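> If you scroll down you'll find the structure; I have some questions about it.
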Amino acid sequence: MDCKEITELLSSYIDEEVSPVEKRQIEKHLADCPLCREELEELSIAENKLRKTLHVVADHASDPKNTWLKVREAIEKEDYDSIKDKMQPVTTSWVTRLRSVFSLQPIWKRTVAITLVVALVVSLVIVIPPTLGNDFEIKAVEIALNSPEVINALSVDLVETTTVIQATENIATVEIVGTSGDFWTVIVNLDSETVMYISIGSPQYYPQEDLEKVISILLANDDIKSILDQGAIIKSIVTYHLERVGSEFTEKKVYVTLSLQGDLYLADIELFSEQLLDFGDYATMKEREMEARIANLVAKLYEKLNDPDLSDEYRADIIGLLRTFGEAPTVAKTWSPDGFGIIYTRELPSSELKELINADFPSDHEIYRYFAIYGMNADGANQVNITTDFGNFYYEYVCSPDGSRIAYVTWSAGDREIYVMNADGSNQTRLTYNTGNDNYPAWSPNGSQIAFRSNRDGDGEIYVMNADGSNVTRLTYTPGINSRPAWSPDGSKILFYSDRDGNHEIYVMNADGTNQIRLTNSPGSDRRHSWSPDGSHILFWSNRDGKSEIYVMNADGSNQTRLTNNLFNNTRPVWSNDGSRIAFQISPVVDIEDEEVVYHSDIHVMNADGSNQINLTNNPFSRDSRPIWSPDDSMIAFISNRDGNNEIYVMNADGSNVTRLTNNSMSDDYPMWLP
């Protein structure tokens, strides 16, 4: 067969009305002829759209199944002349639509188009008029089916049923159900012949009476009606507040988002009273919404502060949150950095605070998880949130040598930037301004400069700046990572690690960046370095021997000595302030209990030469980690989950008198003593 003969048989081939011999010939030809394959694809699309259209029209009859059979019968009889004079005006737009869809050039395509139009006329004239109702329903279905969103959705589905509900004189809701079970709700404006609202997907329930109320309230407002008349569509209808008294709902508020040529608008509606509470452009409305929610929450927080039974920690959480909103509540208990004090991070809000704010903020809002820096006395008293940025993350903080200031990193500017503040949380000042990430701040011994790591120029490099953020100077210029700067006690050198030569090794340089020297050279990773208080030695940990162990070396890199040698990972070594001892963490220890692996870690101490290693916590059921010496070396602070979640604990330097300082539902972490 040639192409002409094949194209004449394609319609029969789609309907599986060709003989087996013809089928094999057609399929063999289609395999070798891209033009005929294209013809087949176009014809398949045309016939599929015909079926969808006829299904929609036939569905308005009282007996859809018989209607469809009559339409098919009329098509097969090709009895066009007997019905041509019965065409009604209502069919005109449908005929126009079908002609535009099937305006094809080959004879067989024109025949298909004519067949479609005549079949539609047959269905409308013979069986639809007695049951369709009126032109309102026909026009509503036509507008809905002409919606690009519905046309796109129906390209992979057939329409099974349609239901038209008249909401107002010129507004209708068309509910469409596909043969796959998918459901579309389309609200149409018959005057402007536009789609006002469309919900596409799996069955989505929104009461018809609520939709009618929404439309009625919107149209009653001249500003909203004006943009709807210009072709605005309703993008979403979302219930955001329900008020109930007993078992009866007394208030139901919804947000209606409208879109007109890319501009978004928001209407705030109360359905039960049928009131438009507010309307405006989307950005302005969202700002008003947030202001209202914050005002409501602030009122609740102040009310809660008056509770005489409020715990100190819960009070601290509330005061901290109020401060993030620019409030200045009277603080009955204050924390002062005078004397020994501990700063730490707390993940907020606590579960108690979440319950309080749940009605005012959605659960995915940024308020639902952030980290604040807290301060407290060495005995755990006077726990105070000293940071004030709402919904932010504070971390990588370090105290100045005299304990009067804290340098820290936060994401408040959209990337990691370095800030400083006084130890009581006052005078928070941003120091770095760039599109890269600046982190790992380190104070110089005299407190006049801060070294830090930044990728502002591409790679991670070491920089230094004055303590007020001025005079930023780049010190390293190598590809790869250079990070974690640490000043020598006399301020003349800076220790750091770098992978410039392949893996993490420890380097040292002069404070101005000159004379960069590699101190370690091992096949493993050497990092977490720190100077001894007198500057003569460098402590670090390395996995050069297969797992993490603690090492020490001279300041020039000589005499590298392994201090720990056991079956576990040894990490986080910290010098005592007099340089005679080292606290560190052994983890994980693995126990087998009921065939489950339980990981835990313990705090150990040893002499500076690695001798006399002692397990201080010795708790097989918890993770005790992050040890840090008190300024006089008499105590060690650490974190532990022994009572459920991470909390701050302290103990004497010999492991006695373990005391829990924090007690709340959220995680407290990274303790650091103020000098």
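> Between Asp457 and Phe136, with labels modelled 7 Å along Cα→Cβ, what's the label distance in nm to one decimal, could you check?
Going from the Asp457 label point to the Phe136 one covers 7.4 nm.
> Given a 1.4 angstrom probe, what's the average accessible area per residue across the stretch 554-675, in square angstrom? Walk me through the intermediate numbers first.
Numbers: 5530 Å² over 122 residues.
For the stretch 554-675, the per-residue accessible area is 45 Å².
> Separation between the Ala292 and Asp512 pseudo-spin-labels, each 7 Å from Cα along Cα→Cβ, expressed in nm?
In this crude label model, Ala292 to Asp512 measures out at 6.3 nm.
> Give the peptides 282-292, 482-492 in descending order of average Cβ contacts within 10 Å, highest first.
Working: 282-292: 13.4, 482-492: 18.6.
The most tightly packed comes first, giving 482-492, 282-292.
> For the pair Asp545 and Ser558, how long in nm is the line joining their label points, each one 7 Å along Cα→Cβ?
Output for this residue pair reads 2.2 nm.
> Can you tell me, using C-alpha contacts under 8 Å and at least 6 residues apart, the relative contact order of the stretch 539-675 as a whole percent? Provide the component values of the computation, followed by the final result.
Working: 311 pairs, mean separation 19.3, N = 137.
Once normalised by length, the contact order is 14 percent.
> Can you give the extra length, in nm with one decimal, that the chain gains between Leu276 and Glu27 once fully stretched, where that is 0.36 nm per residue apart less the Cα-Cα distance? Walk me through the numbers before you get to the answer.
Numbers: separation 249, 0.36 × 249 = 89.64 nm, distance 6.25 nm.
This chain segment gains 83.4 nm when fully extended.
> In Å², what does the accessible area per residue of the stretch 399-543 work out to with a 1.4 Å probe?
Computed with neighbouring chains in place, this is 39 Å² per residue.
> How much of the accessible area of the stretch 181-303, probe 1.4 Å, is carbon plus sulfur, in whole percent? Mind dumping the intermediate values first?
Working: 2950 of 6310 Å².
Roughly 47 percent of what the probe reaches on the stretch 181-303 is carbon or sulfur.
> Can you give me the % of accessible surface on the stretch 492-647 that is carbon or sulfur? Probe 1.4 Å, all protein chains present, nothing else counted.
Its accessible area is 45 percent carbon and sulfur atoms.
> Grab the beta carbon distance between Asn612 and Tyr302, set R0 = 45 Å, and tell me the FRET efficiency rounded to 0.05. Let's see the in-between values first.
Details: r = 55 Å, r/R0 = 1.21.
For Asn612 and Tyr302, the calculated efficiency is 0.25.
> Something else: Using a Förster distance of 56 angstrom, determine the FRET efficiency expected from the C-beta separation of Ser426 and Asp223, and round it to 0.05.
Values: r = 47 Å, r/R0 = 0.83.
Efficiency, from the Cβ-Cβ distance: 0.75.
> Also, quick follow-up: Can you compute the FRET efficiency between Asn471 and Glu209 using 1/(1 + (r/R0)^6), with r the Cβ-Cβ distance and R0 = 51 Å? Round to the nearest 0.05. Intermediate results must be reported in sequence, preceding the final value.
Details: r = 68 Å, r/R0 = 1.34.
Calculated transfer efficiency: 0.15.
> Among the listed pairs Lys4/Lys28; Lys213/Lys252; Lys253/Lys286; Lys252/Lys304, which have their C-alpha atoms separated by more than 18 angstrom in this model?
Working: Lys4/Lys28 15 Å; Lys213/Lys252 12 Å; Lys253/Lys286 15 Å; Lys252/Lys304 27 Å.
With Cα atoms farther than 18 Å apart: Lys252/Lys304.
The values are calculated or read from the model by the stated rules, or taken from the named source; none is laboratory data. All figures in this text were calculated on a predicted structure; none of them were measured in a lab. FYI the Cβ positions are ideal-geometry reconstructions off the backbone, even for glycines, and counts take in every protein chain you see. These area figures cover heavy atoms from the full protein model, side chains too; ligands, DNA and RNA do not enter into them. Shrake-Rupley method; radii C 1.70, N 1.55, O 1.52, S 1.80 Å.
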